[in-house]
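As structure tokens, the structure follows; a few thoughts come after it.
The values are calculated or read from the model by the stated rules, or taken from the named source; none is laboratory data. This structure is a prediction, so every number in the text was calculated from the model and none was measured. No Cβ is skipped: glycine too gets one built from the backbone with ideal geometry, and neighbour counts run over all protein chains shown.
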Amino acid sequence: MNIDTTAPVHYDRMLVVLHWVLALGLFYQLGLGLWMEDIPKDPPGPRAQWFNLHKSTGICLGLLILWRLGWRATHSVPASPTGNTDLQNKLGKLAHRLLYVCMLVMPVSGFIGSNFSQYPVKFFGVALPKLLEPWAEGKEFSSEIHKITAFVFMILIILHVSAAFWHQFVKRDGLLSRMGWRR
């Protein structure tokens, strides 16, 4: 096992802030998305308001995700934890990559599906230009991708949080402190 002695011990402050802001925003967004499934289509007003809020929040989170990816790609991150096996390190990297894939696919599939709808995408009440012609099959396909990705994302979050707790309370290797607030 090779250990990178030049890698930082902690994530930099920007990655920590982006991690926790996105964590809160994505938990909110997933909860809202699950709750919206049960909103009746009649009368249309309340349903449209909640869906537009979900779309507006999704656009904001999508931009933050792009910022996080750009920052992550251009800044050093801590090396894999010492004491992990090669398999644990590979699984950790795979899980993180899958989390990023989900974070990209969800807002993109939601935005594309919304553009295939007959209704305009509204960003906090402001109608955005229509990018695609209404297409029911395209909307349905994009919505399925969106839902499946959200389900996979929730499973990955459970694994991610479980691994963090395992490192913190079972292994006690201080891994969680790398993503914490420090002076």
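Laid out as a table, the results:
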read-out: Enumeration of residues in the stretch 86-127 that are touching a residue at least 60 places away in the same chain (Cβ under 8 Å), of a type outside the set (A, V, I, L, M, F, W, C) and outside any helix (DSSP H, G or I); value: Tyr119, Lys122, Gly125
read-out: For Ala164: the one exception among (1) modelled with pLDDT of 95 or more; (2) in contact with a Leu (Cβ under 7 Å, 6 or more places away or on another chain); (3) among the aliphatic types (A, V, I, L, M); value: (1)
read-out: Unmet requirement for Ala48, which otherwise passes all of (1) under 24 Å from Leu156 (Cα atoms); (2) among the small types (Gly, Ala, Ser); (3) surrounded by 14 or more Cβ atoms within 10 Å (Cβ to Cβ); value: (1)
read-out: Test: residue in the stretch 24-33 that is in contact with a strand residue (DSSP E or B) (Cβ under 8 Å, 6 or more places away or on another chain) and in contact (Cβ under 8 Å) with a residue 60 or more places away in the chain; value: no
read-out: Among residues of the stretch 128-154, those that are among the hydrophobic types (A, V, I, L, M, F, W, C), touching a residue at least 12 places away in the same chain (Cβ under 8 Å) and assigned to a loop (DSSP other than H, G, I, E, B), counted; value: 3
